[in-house]
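The next block holds one structure in the form of structure tokens; read it before the comments.
The values are calculated or read from the model by the stated rules, or taken from the named source; none is laboratory data. Worth saying up front: this structure is predicted, and the values here are computed from it rather than measured. Backbone-built Cβ (ideal geometry, glycine too); neighbour counts: all protein chains shown.
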């Protein structure tokens, strides 16, 4: 592994570097609409801060700044940001997705993670991804704001920060977990990786960290900024494969490459939809176990489609967004409504053909097969107040009955009752065993129980 001795430059050398025309122009290009903060080894200088001219950069260096950091969020007026008023949503106009990769075991592992992530992004149609060396142990990938739709689930995307970037990065990490671990073992051997590591840490992201816990006003190291740990430059790259640490020396860097690419409009829209679907189905945990005493399923009853609630009827018309979430909803709703698995599969396939972009048959089969294995518990669709499953995809059009229920499965029974659905109400059991308190519908059944179970010869 290539090593660079971190020899601190003098204050004059740092000033000369940032005063260079190519470096100062590169910093000014990305500063518009962002916080732009100077920092020392001890921490950040005053916030909020912006730069507009080369002289602003030089002035910060003269105050002691050795590195510069930008906000991932874009602001209409960065200087108006206030921790007291917390006016972030009102000022935020967008955000960039910066994926921060940091390796504990060497730069080769970080390079490997970059390559796998780039390939994963291409699977979702994302081709224009920026790349730069972090200046220390890893790399930064960037998807600019312009690659995303401005609205998702009927809400402005800018108002869904920091949740959305955290969800996307977590989704990508889960998608590369197995491949990254497999290739790390080949690169370093299992013995090198796991020696001295606790069993619970056998995870690729223990060795190669990927930041996924952004907060408000999150900053990243600006391209062409120095890194005080190594005194190397956070230099943008075209390809990670051939990068050498010596190329990031302050005296060798030429500010030619740009970190932010020019994406196609909404290039990352599919990635965003898939990530939100994954989060809704697997992270938020919408599934709930139904207590036996309050089970809604009525034996022998199959509820006709005409009695379905508005949200389910809207799903069955076909969707453009939320198709995977709605697969879960449909399967569990139809199961509770008394449909057999063959009928549910047929219904799903008919519905899928109506979707703007049909889901793959393998996905539908995997969801059916998984639900069939849940024999020890009964699953409900998400409750009505779960916006990700209903309101956010435009299918929630409540009527008066909807206002009185918590879950779609209750709708037919609340509105029409069992008699309206063609099912006679069961009479409550009236006869109880005085020994075990078990209930029976008739006196004869109770007497038989007492004789067979408790050995009584005389029934009193």
*Residue in the stretch 57-88 that is farthest from residue 160 (Cα to Cα), counting only those that are part of a helix (DSSP H, G or I) and in contact with a strand residue (DSSP E or B) (Cβ under 8 Å, 6 or more places away or on another chain)*: 61
*Please work out which one of (1) within 26 Å of the chain's Cα centre (by Cα); (2) closer than 22 Å to residue 256 by Cα; (3) part of a loop (DSSP other than H, G, I, E, B) is the condition residue 111 fails and give its number.*
(3)
_Residues that are in a loop (DSSP other than H, G, I, E, B) and touching a residue at least 24 places away in the same chain (Cβ under 8 Å), drawn from the stretch 240-256_ = 240, 241, 243, 244, 250, 253, 254, 255, 256
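Conditions tested, residue by residue: (1) more than 30 Å from residue 207 (Cβ to Cβ); (2) touching a helix residue (DSSP H, G or I) at 6+ places or on another chain (Cβ under 8 Å).
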| residue | (1), (2) |
| --- | --- |
| 27 | yes, yes |
| 33 | yes, yes |
| 42 | no, no |
| 61 | yes, yes |
| 91 | yes, yes |
| 96 | no, yes |
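State all residues of the stretch 358-373 that are in a loop (DSSP other than H, G, I, E, B) and either surrounded by 11 or more Cβ atoms within 10 Å (Cβ to Cβ) or modelled with pLDDT of 95 or more (or both); if no residue qualifies, say none.
Passing the criteria: 358, 359.
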*Would you check if residue 91 is under 18 Å from residue 164 (Cβ atoms), assigned by TED's automatic domain parsing to the domain that holds residue 48 and without any contact (Cβ under 8 Å) to a residue 24 or more places away in the chain?*
yes
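Please work out if residue 217 is at pLDDT below 90 and surrounded by 15 or more Cβ atoms within 10 Å (Cβ to Cβ).
no
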*Any chance the stretch 2-10 includes a residue that's crowded, with 19+ Cβ neighbours inside 10 Å and either modelled with pLDDT of 95 or more or not in a helix (DSSP H, G or I) (or both)?*
no
